[in-house]
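Each remark here refers to the structure printed beneath this line.
The values are calculated or read from the model by the stated rules, or taken from the named source; none is laboratory data. In this text the structure is predicted, and so the values were computed from the model without any measurement. No Cβ is skipped: glycine too gets one built from the backbone with ideal geometry, and neighbour counts run over all protein chains shown.
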Amino acid sequence: MSFSTLPPEILLLIARQLETEKDISSLMRTSARNYQLLFSFLYEHNVQFYSGSALISCVGDDYETGVRLLLEFGADAREINGVYDTDSKLLPETPVGPLHFAKSVAMAKLLLEDGADVNHSSSQWGTPLHAAAERGDIEVAKFLVENGADVDNSNVRVATALHIAVDQGDLDMATLLLDYGADIDCDLDMATLLLDYGADIDSSDTTVSWEICDYFGTPLHFACLRSNENGISMIQLLLERGADLEAMDIHSATPLHIAAAECSLSIVKLLLDHGTPVNIRDELGITPLFRAVEQPDSCAIFPDPIERPDLDIAKLLLDRGALANIQDNMGITPLFRAVDHSDSSIARLLLDYGARISAEPGEEDFRNILHYAVAYGVLGTVEFLISHGAEVNDQDDNGRTCLHLVVDNIQPAILKLLLDHGALANMQNIKGSTALHDVVARKNLATADLRLIGQGVSLIPEDESRHIRCELVWRRDDLVSAKLLIDHGASLDILDTRGKSALDYAAENEKYFVPSLFVGQHPSCDDQPK
């Protein structure tokens with residue numbers, strides 16, 4: 001007797017002896033008759049042995065027949081056992097319930113009628129409305145809100161459904177949520193939210209899982225992260241609905257800070273046209289102008305740091321009243337942020353708008369911008385600052401001059417520029433060291449090096465040094481620096497606070513002498529440092 005002719009009760013008895021759903025499915029496929037006879041049993045088996053694990057799959061596939069059978073056999077519409085697949089950085093990877101997967105009004109209605117909670121947020125993942133917003137499912141989102149969904153419910157990443165819609169660039173979803181009363185400036189205080197979720201702020205162990213985001217702000221902050229046409233439309237919508245231009249994110253930055261950092265001229269202009277304050281500060285005392293002129297920073301607090309400074313944005317901000325000499329909490333001005341660029345266009349712009357290079361009388365805390373430019377090693381900017389009156393012999397709190405800084409960074413071209421513009425070769429820092437002390441002691445120059453330099457023996461040409469080992473190329477640059485200093489009057493006999501001269505340090509470095517870096521010197525040994 002074949003499976004297709006077995007009596008139904010025998011077929012069902014056999015099915016009950018099978019352990020896996022795969023085996024039951026194989027039995028069902030033996031004939032169309034058996035498929036019909038065992039169809040309901042398969043779902044009953046899933047509920048009995050697998051706690052209705054198929055429910056979320058059926059909901060996600062919008063398979064109403066399967067969902068009804070599972071619920072009829074006792075599956076729980078509130079069971080949490082499915083991870084919602086999303087690329088959104090605002091939604092965590094934690095299990096949620098079936099209602100989050102509902103892709104039709106009929107399915108959502110069926111689950112709600114069976115007891116699903118419209119505001120359920122497992123592990124503070126977010127409610128089903130968050131999921132609908134992530135999918136851009138207008139009909140389901142509307143149904144959920146009309147059936148009690150809280151439009152301002154905030155998840156573990158402090159994001160509401162409106163944040164999700166804005167982050168997705170979904171103008172229609174954002175409009176729907178705003179029409180239903182979503183808080184346009186929703187920016188919950190983290191401590192308050194922790195308490196709302198039952199956290200014990202006096203204990204090192206909280207009662208809930210909590211995730212600190214890399215970034216968080218109001219929906220308008222997120223809209224300013226998008227520089228495309230859709231982003232502009234989203235910002236216009238939020239502004240029309242009354243979004244607060246001065247709202248601050250977790251770093252006290254406004255939307256204008258974000259737009260300036262994201263290098264979005266059109267958004268910066270839009271915000272300024274709506275009256276956003278141009279000189280407002282964040283928690284570091286930084287204004288939007290800083291964000292427009294600075295280079296990328298791997299430790300930046302903003303997401304997706306800019307790839308280049310934007311001259312047009314900086315000029316627009318300055319034209320609208322941005323202060324070129326405003327200082328952050330560390331006393332840094334925008335010009336400091338601009339000196340490490342590969343060209344001097346930003347620095348030139350700031351100087352054209354009145355940025356100061358030197359301190360005013362009585363201004364003791366003003367930092368020397370030329371020191372920063374020298375440390376960053378951008379020749380064009382150093383030259384430009386000097387031409388605008390930067391003082392080459394100013395000393396920092398440790399007594400260091402530009403010469404001390406430049407020899408540390410092996411920049412012979414900048415060193416020559418400084419010396420040619422009056423830098424004093426024998427100025428000492430608080431330890432009594434001159435720049436020559438530093439280049440000899442730190443770069444291991446030997447007495448023979450200094451003797452040959454003093455005798456006027458030339459170094460091998462730079463193009464020849466390209467054919468030797470890398471460390472010798474660097475050593476040649478150190479020798480060039482020493483020669484420049486000596487040619488400009490650097491003394492070999494000045495003593496530091498340890499009572500040592502540059503010659504004393506050189507005497508300790510004899511093993512590092514490399515004769516072949518000098519023209520006409522023929523060593524009897526290998527020309528590598530020993």
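Close contacts from region 131-150, counting a first residue that is at positive phi and a second that is at pLDDT 95 or above and not in a helix (DSSP H, G or I), with Cβ to Cβ under 8 Å and a gap of 6+ residues or different chains, come to GLY136/ASP170; GLY148/VAL118; GLY148/ASN119.
Filter region 17-38 down to residues that are touching a residue at least 12 places away in the same chain (Cβ under 8 Å) and either touching a strand residue (DSSP E or B) at 6+ places or on another chain (Cβ under 6 Å) or surrounded by fewer than 16 Cβ atoms within 10 Å (Cβ to Cβ) (or both) and give me whichever is nearest to VAL67 (Cα to Cα).
Here is the first cut: in region 17-38, the residues touching a residue at least 12 places away in the same chain (Cβ under 8 Å) are 21, 24-25, 27-28, 30-31, 33-34, 37-38.
Checking which are either touching a strand residue (DSSP E or B) at 6+ places or on another chain (Cβ under 6 Å) or surrounded by fewer than 16 Cβ atoms within 10 Å (Cβ to Cβ) (or both) leaves us with 25, 30, 33.
Numbers: SER25: 18, THR30: 24, ARG33: 22 Å.
My answer is SER25.
Of all the residues that make up region 220-251, how many are assigned to a loop (DSSP other than H, G, I, E, B) and not polar (S, T, N, Q)? Steps first, answer last, please.
Going through region 220-251, the residues assigned to a loop (DSSP other than H, G, I, E, B) turn out to be 224-228, 241-251.
Then keep just the ones that are not polar (S, T, N, Q); that gives 224-226, 241-251.
Final tally of qualifying residues: 14.
Taking the criterion of being more than 14 Å from SER516 (Cα to Cα) and modelled with pLDDT under 90, the residues of region 442-458 that qualify are ARG442, LYS443, ASN444, GLY454, GLN455, GLY456.
Looking at SER53, SER31 in this structure, which one is within 24 Å of VAL96 (Cα to Cα) and of a type in the set (Ser, Thr, Tyr)? Quick ask: steps written out before the conclusion?
Numbers: SER31 fails: within 24 Å of VAL96 (Cα to Cα).
Going through SER53, SER31 in turn, the sole match is SER53.
Can you report the number of residues in region 247-286 which are of a type in the set (Ser, Thr, Tyr) and buried (at least 24 other Cβ atoms within 10 Å of the Cβ)?
The first filter runs over region 247-286 and keeps only residues of a type in the set (Ser, Thr, Tyr), leaving 252, 254, 264, 266, 276.
Going one step further and asking which of them are buried (at least 24 other Cβ atoms within 10 Å of the Cβ), we end up with 254, 264.
So the answer is 2.
Screening ASP172 on (1) acidic (Asp, Glu); (2) over 19 Å from LEU220 (Cβ atoms); (3) in contact (Cβ under 8 Å) with a residue 12 or more places away in the chain shows it passes everything except condition (2). For region 287-308: of the residues being at pLDDT below 95 and β-branched (Val, Ile, Thr), which is surrounded by the fewest Cβ atoms within 10 Å (Cβ to Cβ)? Among those that are at pLDDT below 95 and β-branched (Val, Ile, Thr), it is ILE301.
Please verify whether LYS89 is within 30 Å of SER154 (Cα to Cα), in the same structural domain as GLU139 (by TED's automatic domain parsing), crowded, with 17+ Cβ neighbours inside 10 Å and basic (Lys, Arg), treating the condition exactly as stated. Considered against the rule, which asks whether it is within 30 Å of SER154 (Cα to Cα), in the same structural domain as GLU139 (by TED's automatic domain parsing), crowded, with 17+ Cβ neighbours inside 10 Å and basic (Lys, Arg), LYS89 comes out as no.
Please determine whether any residue of region 403-421 is part of a loop (DSSP other than H, G, I, E, B), buried (at least 23 other Cβ atoms within 10 Å of the Cβ) and in the same structural domain as ASP487 (by TED's automatic domain parsing).
no
The condition of being modelled with pLDDT under 95 and surrounded by fewer than 23 Cβ atoms within 10 Å (Cβ to Cβ) holds for only one of ILE138, ILE201, that being ILE201. Only a single criterion out of (1) among the aliphatic types (A, V, I, L, M); (2) in the same structural domain as LEU350 (by TED's automatic domain parsing); (3) not in a helix (DSSP H, G or I) is not satisfied by VAL382, namely (3).
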